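In what follows, a structure is listed as C-alpha cells, so that the remarks can point back to it.
The values are calculated or read from the model by the stated rules, or taken from the named source; none is laboratory data. For clarity, every value in this text was computed on a predicted model and none was experimentally measured. FYI the Cβ positions are ideal-geometry reconstructions off the backbone, even for glycines, and counts take in every protein chain you see.
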Amino acid sequence: MRNWIWMRPPLSLACLIVLTLTACASVQVYDMNQTQQTLSEAVQKNDAMVQKATADFDEKKRLIDNLSRTKSPAFRTNETELRSLLASMKTHLNLLESHRKTAGTANSELVALAYNRQEIRSNQPEHAQVQNTLGEFQKAIADSNQAMLIYSRESNALTDLVDKNKLLLHFDPALFVRRIQTSITNAQETSANFQLELDRAEQQLEQSQAGAVRRRLENISTSLQDSAQSYTARAQRLQILAKQMRDVTNDVPINSLDPEWPRSQSILKEYEAINAELAQTQAKFTATLENFRLVAREIPEN
C-alpha cells in the first residue's frame, strides 16, 4: 500500500493576483479577465487535490474493511488506532469538500460580478464586493491547504501502521519467476559439473585394479551417482513451479488479501524447500567426491 503523496497545494491567491491589481493615480483597478483566470486555475487545482484525497480515502477504507474480515490477531491489536486514523481522515476529507464548495461559490460570484466588465475600479460600488469575494476565496483555499496537510499526515500514519505491523503483505510473482529462472540456470550448471566429475571418477575406476580399494571406490561412485540423480530430479521441479506461479497470478503483483495469495505462498514455500534440498545435495556430492579422491590416492602406481 503506497503512502499518500500530498499534491502541491494551489498557490495562495495573495501571490496569484498581484498582477491583477494595479494602481492608476489613487484608484485601484482589478483586471477582471486576469482575476477570473487566476481563480479558475486555483479552483481546478483544488478540485484535483480533493479528488485525489477522496480516491485515497476510498482505498484506505476498503483496506480496513478487508483486513477486518480476516479477523487476524494483528489487525485486532491495531484496529482501534486504525479506525481512529480513518475517522480523522474522513473528518478532514469532509472539510476539504466543504472548502472546495466555498471556493467554487466565491468563484461563481466573481464571474457574475465580472459579467461584461473588463475591469472594476475602487471608486465603483462593485469594488467592495470583489474584495469581499476574493477574501472568501483566499480563506477557502488556505483552509483547504491546512485540511489537506492534516489529511496527508493521518493517511501516511495509517499506511505506516499497516506496514510496521505487516497487516498487508505484498508479493511480486514476476520477481519470483526471475529468481526461479536464475535457480534453474545455476542448477543446470551444477548438474553439468557433477557429470564431469562422474566421468572422471569412472575413468579412475577403469584404471584401478580389483581389490579392496576398487570396491571402496565403486561404493563411493554409486553414492556420487545417487546424489547427482537426486539433484537433477529435484531441480527439474523448479520449472514446474515457475509455470504454476504464472498460472496462479498471471505475473500480476498480489497482496495477502487476494484469493491467489495462499496458493502463491505454497509455491514459494516449496521453491525455498527445494533450494535448501539442492544446497544440501550439492554439499553431500562435494564431500563424497573429496572422499573418492582421497581413496583414489591409495591406488598403487604401475
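Before moving on, here are some points about what is shown:
- Scanning segment 161-178 for residues that are in contact (Cβ under 8 Å) with a residue 24 or more places away in the chain and either not in a helix (DSSP H, G or I) or not aliphatic (A, V, I, L, M) (or both) yields ASP163, ASN165, LYS166, LEU167, LEU168, LEU169, HIS170, PHE171, ASP172, PRO173, PHE176.
- Selection status of ILE267, among the aliphatic types (A, V, I, L, M), surrounded by 14 or more Cβ atoms within 10 Å (Cβ to Cβ) and within 23 Å of SER68 (Cβ to Cβ): no
- Residue in segment 185-193 that is more than 30 Å from LYS60 (Cα to Cα), touching an Asp or Glu at 6+ places or on another chain (Cβ under 6 Å) and of a type in the set (D, E, K, R) present: no
- Selected residue (criterion: nearest to the chain's Cα centre (by Cα)) from residues of segment 246-293 that are hydrophobic (A, V, I, L, M, F, W, C), over 19 Å from ASP226 (Cβ atoms) and in a helix (DSSP H, G or I): TRP261
- Every pair of residues 6+ apart whose Cβ atoms lie under 7 Å, when the first sits in segment 84-97 and is surrounded by fewer than 17 Cβ atoms within 10 Å (Cβ to Cβ) while the second is among the β-branched types (Val, Ile, Thr): GLU97/VAL50
- Of all residue pairs spaced 6 or more apart or on separate chains, those with beta-carbon atoms under 8 Å, a first member in segment 212-235 that is touching a residue at least 60 places away in the same chain (Cβ under 8 Å) and a second member that is in a helix (DSSP H, G or I) and of a type in the set (S, T, N, Q) are LEU217/GLN204; ILE220/THR288; ILE220/ASN291; SER223/THR288; LEU224/THR288; SER227/THR281; SER227/THR288.
- Sole residue being modelled with pLDDT under 95 and touching an Asp or Glu at 6+ places or on another chain (Cβ under 9 Å), chosen from LEU158, LEU205, LEU167: LEU205
- Of all residues in segment 113-138 being free of Cβ contacts under 8 Å to residues at least 24 places away in the same chain and either within 9 Å of TYR30 (Cβ to Cβ) or not in a loop (DSSP other than H, G, I, E, B) (or both), the one that is nearest to the chain's Cα centre (by Cα): GLY135
- Single condition SER191 does not satisfy, out of (1) modelled with pLDDT under 95; (2) farther than 30 Å from THR77 by Cα: (1)
- Subset of segment 117-154 (residues that are modelled with pLDDT under 85, of a type outside the set (A, V, I, L, M), buried (at least 17 other Cβ atoms within 10 Å of the Cβ) and farther than 19 Å from GLN44 by Cβ): HIS127
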